[in-house]
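What follows is a short report on a single structure.
The values are calculated or read from the model by the stated rules, or taken from the named source; none is laboratory data. Model, not experiment: these values are computed from the prediction. Ligands, DNA and RNA are excluded from the accessible area calculation, which covers all protein heavy atoms including side chains. Shrake-Rupley method; radii C 1.70, N 1.55, O 1.52, S 1.80 Å.
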Amino acid sequence: MSMNEVTSCPRILVVDDEAHLRELLEITLIKMGLDVDSAETLALARSHLARHSYALVLTDMRLPDGSGMELVQEINANYKNTPIAVITAFGSADNAVVALKAGAFDYVSKPVALDQLRKLVRSALQTSEVQKEQQTAPEKRAVPANSFMIGQSQGMQEVRAQISRLARSMAPVIITGESGSGKELAAREIHTSSARADKPFIAVNCGAIPETLMEAEFFGYRKGAFTGAADDRDGFFQAANGGTLMLDEVADLPLAMQVKLLRAIQERRVRKVGATAEEAVDVRIISATHQNLAICVEEGRFRQDLYYRLNVIELHLPPLRERLEDIVELSRNILKKLTGSDIDMSVEAIDALISYDFPGNVRELENILERAIAFANDGCIEVTDLALRGTRKMPEILVMPVTPAEIPPASASIVHELAHVAEIDVFSAPSLPCSLPDFLENVEREMIRRALHQTRNNRTQAAELLGVSFRQLRYQIQKLKIQE
């Protein structure tokens, strides 16, 4: 079968040894306008996969000649762009979690609810289309133009790559990282990169909802369910139906609510306060926390079963202090967002930001720049406009009298070379330099000048000579105010 045929009429592979269930699934899928192949064994499923391309594989977990888990692993290894969903027995939530961790796209439970099956199939088909678009434009996939995750550091490149993989699955994700590191932005990135991008994204701060109102806020309520319930109202689950529900600071949920949340996630059904019947919901759960959930479980503050349900895949965001090379790009983007135009920053201001620890991470950077805009003159932000509370602290150094004989030969040669470059004799001088940073800046300035002189002001060759990148050299020339 050609790829054009698959595009015009998607084909689904159903793998199940129960003939009546296979027939039910086939009829349902054919009514959706899909082509269907079926197999009752792993061997026959492998034979179909070798001959055809599929938009979705739907497999039972128990098969006569093996496990559906084997098929999940094989498809993820050999057919990376083919989503696979598993059918689990009622109450086998652990099997579903294991399958999701192994790379399954999603799952349905027996007895199979046809409305849930249809939603799963539609999501899988949309995911396949998104993957085809990314394959035809790999340059857009590498660095999305509308990405919320800004920065070219190694840490951010890894985060974006992981988000790209997570967007192809419906598995629950937990995002960890310090406060202000951008967990909600990462959740939005997963949502907008997925097949659910045109559906709602609802972010909920679990620590900001009073415990007495939590059930009503999450699941909704019926008119007259309690005093003040004048009308029917949907909860967060209904509002996010078809899309993504983000549970921010999920560790702050009280234990009683954790039980109800676990059931809603497992059964994919919720019951409004005051209602007698449950209603189906289709949401992808993304949770976030700055706390260590494993420790919360050990301390009895978080249910272990809910922890395993939420922690199927973990995405960790690095703190800003571990990716300081992203400061300039982040600052430029934040300033443009705040003002709608480009605002300059002096080299000294950039240097001050790079030297700052940012305990509040990106959120603190936004606050600092927003405040600096108000104080900046002539459209340029200076160090004083930043009003930083302090820079990264250097460890205290115990100064001892030193003579050349006490310095190892290798170290002594380095000291003499630096002193020669700076035209300072450190051993004949009456005392050590008054300011080590100033001393080192003078050394660096002289080294750069010599490299530029030797290469006739060719910055590219000078950077190679000094063993630094062109961008680093250009920044240091501006910082040290070197005249070429």
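Side notes on the structure shown:
- A full extension of the chain between R51 and D305 corresponds to an added length of 87.4 nm, given 0.36 nm per residue minus the alpha carbon distance.
- Prolate/oblate/rounded label for segment 167-313 (Cα gyration tensor, a/c 1.5): oblate
- Ranking Y308, Y79, Y356, Y221 from most to least accessible surface, computed with a 1.4 Å probe over the protein chains only, gives Y308, Y79, Y221, Y356.
- Residue ranking by accessible heavy-atom surface, 1.4 Å probe, largest first, among H191, H316, H20 comes out as H20, H316, H191.
- Length gained when the stretch E26-H316 is fully extended (0.36 nm per residue, less Cα-Cα span): 100.4 nm
- Ranking M447, M61 from most to least accessible surface, computed with a 1.4 Å probe over the protein chains only, gives M447, M61.
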